[in-house]
1. Pairs LYS251/LYS309; LYS9/LYS126; LYS169/LYS309: which are spaced more than 19 Å apart, C-alpha to C-alpha?
2. Please say if segment 82-147 is rounded, prolate or oblate, where rounded means a/c under 1.5 for a ≥ b ≥ c the square roots of the C-alpha gyration tensor eigenvalues, and otherwise the choice is prolate for a/b larger than b/c and oblate otherwise?
3. Between their Cα atoms, which of LYS205/LYS246; LYS147/LYS272; LYS212/LYS246; LYS150/LYS263 are more than 23 Å away from each other?
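The numbers here are math on the coordinates, done by the rules we state, and not lab data. Nothing here was measured: the structure is a model prediction, and the numbers come from that model.
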Amino acid sequence: MSKNKRERKERYWQNFEILSIFLSLIFIAAIWKMYPATLLEIDEDNKPIAVASKPSQHTGLSNDEKKSYFEKIGEKYGTYGDAYGSLNTLFSGWAFALLLISLFMQRQELQAQRKELAAQRDEISKANDIAEQQMLITEQQADLLEKQIKEAQVQNFFNILFPLLNRKKTYYEIADELPVFGSSAYRDSIKNESTFKTLHMAALKIYDNFEKSHGDGFIHKDEILKSLRKMIVEIPPYGLAYSYLKGTKYKEYFLYIINFIEKFEGIDKKDKEVGMSIFLSDFSTRELYIISLLTIENEILMEKVIEHKVFRSFIEADRNGNSVFSLLFSE
């Protein structure tokens with residue numbers, strides 16, 4: 001049933017109830033008005049006709065003439081009071097009937113209200129279910145969107161990282177071209193050497209000499225760096241290659257890639273670790289020795305190699321823990 005039809009039906013029943021009550025009141029008032037007059041007419045019709053006769057003929061009859069005026073009124077209208085008493089019973093019955101009708105109508109109205117409330121609860125329950133489903137769908141869409149954004153960020157990270165890793169070859173080749181100058185005899189002795197090869201040999205020799213000279217004695221980290229710096233500078237071929245390498249972009253490139261991985265936003269730690277592992281896997285053992293030499297005069301580089309465990313393989317291979325890698329780069 002449409003809403004308009006339901007409203008019209010409700011208005012019809014309301015008007016019908018009001019009209020019924022009004023007509024009932026009129027009907028009761030009419031009966032109340034008509035009832036005494038009707039009794040009077042009946043009394044007049046049934047009143048005996050008085051016949052003239054001699055007084056001697058009524059000596060055996062009761063003397064009604066001796067009754068008082070009020071007694072006559074009581075005899076005449078007392079019956080009417082009894083009649084109205086019967087009407088009181090009738091009207092009481094009608095009132096009780098009307099009360100039952102009113103209770104019945106109230107019961108119907110309450111039932112209708114309960115049905116309406118039940119329907120509203122059902123609608124609210126359905127609306128809540130729909131809202132929960134929509135919320136669940138929204139959450140799923142948000143999770144999916146977040147996952148897609150994360151995947152896009154990870155893909156973007158590696159799309160940027162790999163081209164940067166390809167630049168390493170250029171920086172390596174430039175840094176590996178050791179400049180040749182000085183006397184002819186000196187140029188002939190180093191012209192076939194390269195920066196990385198020269199410094200690799202220097203690192204092996206210097207680290208070996210350091211371990212032999214200091215043995216198992218405890219040395220502070222600053223003293224180790226000072227001793228290594230002095231040893232590498234005092235040997236001319238090593239000092240030349242070391243100074244040249246510090247002036248190239250090779251060290252800056254190494255730090256740049258590490259900072260790029262660390263500061264890239266939108267990816268988690270695991271993805272950064274994967275990127276760092278890919279980056280370090282491209283460095284040979286010779287290059288890692290060169291990186292260890294560059295940390296001697298660079299505190300930032302020292303912090304980065306320790307944080308990312310760049311020399312973990314060397315430290316794990318040192319059983320006694322007396323190597324330069326164990327003393328300088330252990331956490």
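1. Working: LYS251/LYS309 17 Å; LYS9/LYS126 28 Å; LYS169/LYS309 23 Å.
Those over the limit are LYS9/LYS126; LYS169/LYS309.
2. Cα axes put segment 82-147 in the prolate bin.
3. Values: LYS205/LYS246 20 Å; LYS147/LYS272 17 Å; LYS212/LYS246 27 Å; LYS150/LYS263 16 Å.
LYS212/LYS246, as the Cα separations exceed 23 Å there.
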